[in-house]
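Take a look at the structure below.
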Amino acid sequence: AMVHAIEAYTSHRLKNPLSDLLAREALSLLGANIAAVCAAGEGQPAGAEARGAMLLGSCYAGLAFANAPVAAVHALAYPLGSTFHVPHGLSNSLMLPHVLDFNARSEQATSLYAELAPIVCSRQLGECAASAAVAAGAFVDHFARLPAELGLPTTLREVGVAEADIGSLAANAMLQTRLLPNNPREVHLDDAERIYRAAL
């Protein structure tokens, strides 16, 4: 759901004030509660408020990307699901840090990530105020650390992907022509290969 919010907010096509509002509120709710929910464990009565916030945040994120479509994270995650049967949320989690890093080299994405940074980077608020580039870097770093902090797999090798699979994964990702034009930075085949390789 966090990926839905981030990609809606940074979508190159159809981004609008309503999708922005929904995405920011979604990211606020999700970012503030995901650690508590994961720590509580499935079926635990503790954390009911946090779980409710996660549900509402997920709903807002869904409404956001219904108005401003998702992009390269999803485009590169889809082949992981179809080829290796990686669940949707996990495939997006595996690709998110690497696509953020790729996108952050564009001025448009840097500016937008800097706007989102204070929502999720409360520990680095000073950094977020320094400059757009520093704030965007803090944002990317946050999502590079988060999966490990939550106990999730952090590499493609952990879900069965090998170096030899990168070419076919990248080729399949490039077929996602509904999604790739929405990315704030254009993605070419060699970019997709580099992103997958970084995620290995």
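The values are calculated or read from the model by the stated rules, or taken from the named source; none is laboratory data. It should be emphasised that the depicted structure is a prediction, and the values quoted were computed from it without experimental measurement. Heads up, the Cβs are rebuilt from the backbone with ideal geometry, glycines too, and the neighbour counts pull from every protein chain shown. Ligands, DNA and RNA are excluded from the accessible area calculation, which covers all protein heavy atoms including side chains. Shrake-Rupley method; radii C 1.70, N 1.55, O 1.52, S 1.80 Å.
What ranking do 150-159, 102-111, 86-95 get when scored by the average of other Cβ atoms within 10 Å per residue, highest first? It would help to have the intermediate numbers written out before the result.
Values: 150-159: 14.5, 102-111: 17.9, 86-95: 20.2.
In decreasing order of mean packing, 150-159, 102-111, 86-95 become 86-95, 102-111, 150-159.
Shape call for the stretch 94-169 from the C-alpha gyration tensor, a ≥ b ≥ c root eigenvalues: rounded (a/c under 1.5), prolate (a/b greater than b/c) or oblate?
Numbers: a/c = 4.01, a/b = 1.74, b/c = 2.31.
Oblate is the answer for the stretch 94-169, as a/c is 1.5 or above yet b/c matches or exceeds a/b.
From the helices alone, meaning DSSP H stretches of at least four residues, give me the mean residue ellipticity at 222 nm for the chain, per-run term -39500 (n - 2.57), in deg cm²/dmol to the nearest 500. Intermediate results must be reported in sequence, preceding the final value.
On the way: 10 runs with 139 residues, N = 200.
Helix-only estimate at 222 nm: -22500 deg cm²/dmol.
If you count only protein heavy atoms and use a 1.4 Å probe, how large is the accessible surface of residue 18, to the nearest 10 Å²?
Using a 1.4 Å probe on the heavy atoms, I get roughly 90 Å².
With the crude spin-label approximation of a point 7 Å out along Cα→Cβ, what separation in nm comes out for residue 163 versus residue 40?
Placing both labels 7 Å beyond Cα along the Cβ direction yields 4.4 nm.
When N is the residue count of the stretch 129-191, what does its C-alpha Rg come to as a fraction of 2.2 N^0.38 Å?
That ratio works out to 1.44.
With a/c under 1.5 counting as rounded, go ahead and sort the stretch 1-108 into rounded, prolate or oblate using the C-alpha gyration tensor (a ≥ b ≥ c being the square roots of the eigenvalues; past the cut-off, prolate if a/b is larger than b/c, else oblate). Numbers along the way, then the final one.
Details: a/c = 2.02, a/b = 1.27, b/c = 1.58.
Note, shape of the stretch 1-108 comes out oblate.
Around residue 102, with a cut-off of 11 angstrom between Cβ atoms, what is the net charge of the other residues, counting Lys and Arg +1 and Asp and Glu -1?
Details: positive: 105, 185, 194; negative: 101, 186, 191.
Combined, the nearby Lys, Arg, Asp and Glu give 0.
Where the Cα atoms of the chain are projected onto their three principal axes, how long is each span, largest first, in whole Å?
Principal extents (largest minus smallest coordinate, Cα): 43, 38, 31 Å.
Among 48, 29, 90, which residue has its Cα positioned farthest towards the positive end of the charge dipole of the stretch 17-117, with +1 placed on the Cβ of Lys and Arg, -1 on the Cβ of Asp and Glu, and the dipole taken about the Cα centre?
Most positive-ward Cα: 90.
Mind checking the dipole of the stretch 1-150: about its Cα centre, +1 per Lys or Arg Cβ, -1 per Asp or Glu Cβ, Debye to the nearest 20? Mind showing how you got there, number by number?
Details: 7 positive and 11 negative charges, 32 e Å.
Once rounded to the nearest 20, the dipole reads 160 debye.
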